[in-house]
Amino acid sequence: PNAGKKRGDASSATPSNVALKVPKREEISPGSLQSPEVKNTPSALYKNRTNMGAVTLDVKSPLAATGDETKSSILSLSSASDRRCIIDHFVDTSASTGDSSAPPEPAVGVQQQDFRYMFTTTDQRSAALDRSFSFMQEQLFKHAGLPSEVLALHTPVGVPSQDGVVCFGRVCCEAAEGKINKTSVMLEGGRMEGGQRVKLVLNEVPSYALFPGQFVVVEGINSSGGRMVVRNLCEGVPKPLPSTSPEQLRLTQHGPAEGPGQGPGCQGGKPLRIMVASGPFCCSDNLDYEPLRDLLHQAAKLDPCDVLILTGPFVDANHPQVAKGSVEMTTEEGTLDAVDFDTLFNYKISGLIDSFFLANEDLNLQVVLVPSVNDAHHDHVYPQPPLGDAVEGGVNSPFFDGEKLFRLDIPNSKGGPLKRLVHCVGNPSMIQINEVVVGVTSTDVLMHLGKEEIAQRPPGSNRLERLVDHLLHQQSFYPLFPAPSGVQDAAPLDMRFNDKWRMPVSPDVLLVPSKLATFARRLTNGTLAVNPGQLAKGASGGTYAKLTVYPMPVEQLTQAAEAGAPIPHQVAERTSLQIKRI
């Protein structure tokens, strides 16, 4: 009955009790990217906010100097060679297969869009858990710095002994359901060692922080075979930070940004600016995405940056209108028609980003999109594939002539790293921005860990820092197993691909968006961990993060080059960071 109808023009000023009106992409004007006037803002709370632009956290790098904060370092983009940074998946060269003809495999995440899941058998899950067990056992025994006399006492879990023994295993809860506590902590061995479980008595351990799924080395006495009195615990070991040759760092950080000898990824001695924001990107009382529009205007005009990283959810499954399962658009005739979530993303995210680039054709900016398990339009699995069309090219709509359904139509996302302006990556992912290795997951793993962890006098006083440290010491973007149930944004783990959320290195920057308090911390291993907060909180605005990564001094790189060995990037020491309100 709706055949032949066309969608009409619509203002972004849609009251919350009126159906959403969405213009066609070509009808979105460049002016719509600017901060909207008060009369066009549907949310009174968002409209009347008085703290816009307020800095909630400010961390200065010793390398920050007067004059380096100007906008002059953000150059116009006339060709791919003008780009001050190159964005690509991080590739673990140490895990190379030796086949030079095969394209390099991204080290983290599922990057193909035809990702098949929900086909994991029990045998495949068991085999994946065994691989994780063997991998972490090797990592802890080789790199945790345990004395050789301790390693000589290695005994499978559950083997009784009157003497001291050392066991490796996974922490689990004694009960099948319920939260782990001090009296219900058990250690589970691998299947190759018999798969036995033993109860851990922690009274003699001065401090610890444990959670289900954590791989640990335990030293103690297990005289009965079923109850082990623990004396010492090793709770994991982080991977080393990535390193690069001083010559390459000097070329990237101090190479000419313009003129003769210029090439892609040359900063010309200027800092690298990265902006990070996490969804939801619209307020809870409408679907106008005004916080995202304001953020794009901020990145383009008010506070230009080189890279804008956006982590989902983009179409939030917890949004009141989306949760009802019906999103309506208004046709030119004034009738209401329900649309699918892909179409909503197409108009509200893809359309806005497309108009953003059309209005700023010479802007030197690249956008990274990371999906979320809370995205109503995307695969609900962890790890998640990148955003893309559910059906390649979409399918013809029975309601609107010439329109495609199940099509995200993300602009400027095709081609190689030097051609794309929008980079769609999986969840989790590890990307490389010039030399800076950035690890990111949109899943609120800190909230999940905080609900499951038990701790007694742990070292350090900052709980958020300790939660992030768990990720690095377990070398995993999601170390919990099993994933907690009954939480709003539970992670549906496909254990067959658990190696896809393993960390091949400790990233220079670890982005962990969370509902917990915003923070930025330099961890004990040198990683910079950042929680930018949420861009929209209910019907009001939230926060985002801005990182300014300064280049290393030329003198330091020259001295390092004489040694001839790769050096760590020291990103945490040379990064200034602000968390600001939208």
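The values are calculated or read from the model by the stated rules, or taken from the named source; none is laboratory data. No experiment lies behind these values; they were computed from the predicted model shown. Backbone-built Cβ (ideal geometry, glycine too); neighbour counts: all protein chains shown. The area values use the complete protein model at the heavy-atom level, side chains included, leaving out ligands, DNA and RNA. Shrake-Rupley method; radii C 1.70, N 1.55, O 1.52, S 1.80 Å.
Points to keep in mind about this one:
- The range 115-190: C-alpha pair distances exceeding 14 Å, %: 73 percent
- Set 179/537; 500/537; 47/537; 47/580; 414/500 screened for pairs whose C-alpha atoms are more than 20 Å apart: 179/537; 500/537; 414/500
- Debye, to nearest 20: dipole size of the chain, +1 on Lys, Arg Cβ, -1 on Asp, Glu Cβ: 1100 debye
- Accessible surface of residue 419, taken over heavy atoms with a 1.4 Å probe and every protein chain present, rounds to 150 Å².
- Seen against the Cα atoms of the chain and their longest principal axis, helix 463-473 is set at about 70 degrees.
- Relative contact order of the chain, defined on C-alpha pairs under 8 angstrom at six or more residues apart (%): 23 percent
- Carbon plus sulfur fraction of accessible area for the range 343-447, probe 1.4 Å, in percent: 50 percent
- GluC sites (Glu not before Pro) within the range 279-349: DSSP coil, no more than 15 neighbouring Cβ in 10 Å: 332, 333
- Looking at the range 112-141, the chymotrypsin sites (Phe, Trp or Tyr not before Pro) that sit in a DSSP loop and have at most 13 other Cβ atoms within 10 Å of their own Cβ are 119.
- For the listed peptides 508-518, 477-487, 567-577, a ranking on the average number of other beta carbons within 10 Å per residue, highest first, reads 508-518, 567-577, 477-487.
- Crossing angle, helix 122-143 versus the chain [Cα axis fit, 0-90 degrees, rounded to tens]: 70 degrees
- Taken per residue, the accessible surface of the chain reaches 41 Å², heavy atoms only and a 1.4 Å probe.
- The long axis of helix 554-563 is offset from the longest Cα principal axis of the chain by roughly 40 degrees.
- Among the trypsin sites (Lys or Arg not before Pro) within the range 299-386, those in coil by DSSP and having at most 16 neighbouring Cβ atoms inside 10 Å are 324.
- Read-out Rg/Rh (Cα atoms, Kirkwood Rh), derived from the coordinates shown; its label in (1) 1.40; (2) 1.16; (3) 0.99: (3)
- Taking the helices alone, the chain has a mean residue ellipticity at 222 nm of -4500 deg cm²/dmol, built from -39,500 (n - 2.57) per DSSP H run of at least 4 residues and averaged over all its residues.
- For the pair residue 54 and residue 124, label points projected 7 Å from Cα toward Cβ lie 5.0 nm apart.
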